[in-house]
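Accompanying notes for the structure given below.
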Amino acid sequence: SLLQVFFRTVELVQEPVVGSPGLSFYFRVNGRQVFLKGSNWIPAHSFQDQVTPASLRNLLRSTADANMNALRVWGGGVYEQDLFYDICDELGIMVWQDFMFACAMYPTEDDFIQTVREEVAQQVQRLKSHPSIIIWSGNNENEAALATNWFSIPASLKPMYIKDYVTLYVNNIRQIVQEEDPSRPFVVSSPTNGAESEQEGWVAENPYDPRYGDVHFYSYVLDCWDWKTFPRTRFASEYGFQSWPSFSTLQSVSVQEDWSYSSDFTSHRQHHEDGNQQMLQQAALHFILPNSTDPLKRFTDSLYITQIMQAECVKTQTEFYRRSQSEVLEGKGHTMGALYWQLNDIWQAPSWSSIEFGGKWKMLHYFAQNFFAPVLPVAFEDDDTLFLYAVSDLNRGLKLRAVVIVHSWSDLDSVCTLTSNLLLVSGGSAVAIFKQSVAALLAGCGRCTRLTCLLTFHLQNEDGIQQGPNNHHFLCSPKDAQGLQRPNITAKVQEDDSGFTVTLHSAAVAPFVWLDLGNIPGRFSSNGFLMVTRNATISFDAWCPTSVAELSRSLTVTTLMDVY
């Protein structure tokens, strides 16, 4: 057998931040400050013996393929099997490891504490040789639960609960971890204010304070396209939005009478209060909701629109966190981690995941491949001024310029192109690279208004070679866009030495082009994308043997206009 030896150091840095009350919260790995990009891992199956090595490898491969470098193993699940950590070691996925205590107050009787001490010692001894694990965390959300009184504990009893909390997580779990494994940082909870929580007796007044530690943040009602609704936190360890999985994933556990958004099936599978309505409400802020007279089409259109909503929401929020890494505004910022909730699913159901039960990528996972790219352009507006930031995770500087292309919704020929000056973007930073008022940008561009035009943009180096993915910025909600045409996309599947490709031809600008092959396992090189060219070629990585004939038979192409 192959002997594997790994070396790495890891520190959790909590130091004063210039221009800010509070403390930093970031990881320094091998002496280098690292922005954690990734998601939260939940059990991959209700019955753990059903999690095959192949399914585990597939999920973790999909994690790395989406440019993630970290996963948080959530404290409401299981201590994962050895193979999980072996694969993370191999793929370079850093693991934030919770102990399995979540969203509850636990007892502190001696016999219970003894079982906990045994559990913690065994797990740390089993797992500490894995370099992928970079931090231990005592529990999920229990400091926050106590501080913000989730369980309506009378004020007179709160000191007793805090004492029990300290007994379990600090005097026992933390003490054992520090004895068994002094090589790694330990936080008592997530979210926490870290060193500040310790100062406050381990339960901070507000564990969600964005100026300390990590933050979990969810808001389903406020407009997710408005970045001002997000906390400018030091480290975002949970945030997210739900969507429905594909029809092909639901089909295996449903019958025809289930295929409606108001069926018993859809409410039974939804375990988040008002979740199904929240998805439609959030989608309705920017999209026309499906209203086909054909019940099945209306249902599948609804699945598609929730996936668009989720992908755009998590994209907006993650881009906000990535562009906030080098800034401190009003004492907040220097964000050094974005782990959305959640990566995977435990069954076929609506959830916050970006990968469906069975491994199929949702639109969000395709978006993640772009918004976690090592070099990324990000756009946002502030007071009707458009800002473009260049974000770089590289360990070297790059000279970059922004290229902004203005398109009309009604025409595939672009309206005009703007280019910024070259700017040195140092590794591990986010800097403003372009700034212009939207009114001036449109006025200088002929016949454009916010309703008739949209922007795509990318970064180039000094030789004019594109660095990082293309990105887009809508100047209005797609439901208000004027001039959208039916794209009448045609698709041709081909096979060559390198595998399968799908060549698309479009007659018009097409937002959210979604290629679906039903139950055929695999993934596309890109999906859910904005098509602003007449032709595009997408490759398909098949995970099982298939053929051009089978792919051609199974392929469907959906765009936003198909729902309207």
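The values are calculated or read from the model by the stated rules, or taken from the named source; none is laboratory data. These numbers come from a predicted model, not from an experiment. As a convention, Cβ positions derive from the backbone with ideal geometry for all residues, glycine included, and neighbour counts pool all protein chains shown. Just the protein is used for accessible areas: all its heavy atoms, side chains included, with ligands, DNA and RNA removed. Shrake-Rupley method; radii C 1.70, N 1.55, O 1.52, S 1.80 Å.
Can you give me the long-range amide H partners of residue 99? Hydrogens built in the peptide plane at 1.01 Å from N, cutoff under 5 Å, separation of 5 or more residues or another chain.
Close amide H contacts, sequence-distant or interchain: 137, 138, 139.
Tell me, what is the per residue accessible area of the chain in Å², probe radius 1.4 Å?
Ligands and nucleic acids excluded, the result is 41 Å² per residue.
Just how far, in whole angstrom, is the stretch 280-319 from the stretch 129-195 if you go by their alpha carbon centroids?
Between the Cα centre of the stretch 129-195 and that of the stretch 280-319, the gap is 38 Å.
Less than 17 Å apart at the alpha-carbon level, and either on another chain or at least 8 residues along: which aspartates and glutamates does that give for residue 297?
257, 258, 516, 562
Per the 1.4 Å probe, what fraction of the accessible area of the stretch 301-428, in percent, lies on carbon and sulfur atoms?
46 percent
Please compute the net charge surrounding residue 391, taking Lys and Arg as +1 and Asp and Glu as -1 over other residues with Cβ under 11 Å from its Cβ.
+1
Just add up the charged neighbours of residue 370: K/R +1, D/E -1, any other residue whose Cβ is under 13 Å from the Cβ of residue 370.
0
No other cysteine beta carbon under 4.7 Å away is the test; run it over the chain and list who passes.
88, 103, 476, 544
What's the local net charge at residue 43, with K and R +1, D and E -1, over the other residues with C-beta under 11 Å away?
-2
Mind listing the phi-derived Karplus ³J(HN,Hα) values for the stretch 388-405, rounded to whole Hz, using 6.51, -1.76 and 1.60 with θ = phi - 60°, and x for any glycine or proline?
10, 10, 9, 10, 10, 9, 5, 9, 9, x, 9, 8, 10, 10, 9, 10, 10, 10
With θ taken as phi - 60° and the coefficients 6.51, -1.76 and 1.60, list the Karplus ³J(HN,Hα) couplings across the stretch 149-157 in order, rounded to whole Hz; mark glycine and proline as x.
Couplings: 6, 4, 9, 6, 6, x, 3, 5, 9 Hz.
FRET efficiency for residue 149 and residue 273, Cβ-Cβ distance as r, R0 = 25 Å, nearest 0.05?
The pair residue 149/residue 273 has a calculated efficiency of 0.85.
Would you mind checking the pairs 315/492; 37/315; 228/315 and listing those with alpha carbons more than 19 angstrom apart?
315/492
Which one of 339, 402, 67 has its Cα pushed farthest toward the positive end of the charge dipole of the chain, where Lys and Arg give +1 and Asp and Glu give -1 at the Cβ?
Of the candidates, 402 comes out farthest on the positive side.
Using every Cα-Cα pair within the chain, state what percent have a distance larger than 31 Å.
50 percent
Please tell me the relative contact order of the chain in percent, rounded to the nearest whole number, where contacts are Cα pairs under 8 Å and at least six residues apart.
After rounding, I find 12 percent.
What share of the DSSP beta bridges in the stretch 467-564 is antiparallel, in percent to the nearest 5?
DSSP beta bridges in the stretch 467-564 are roughly 100 percent antiparallel.
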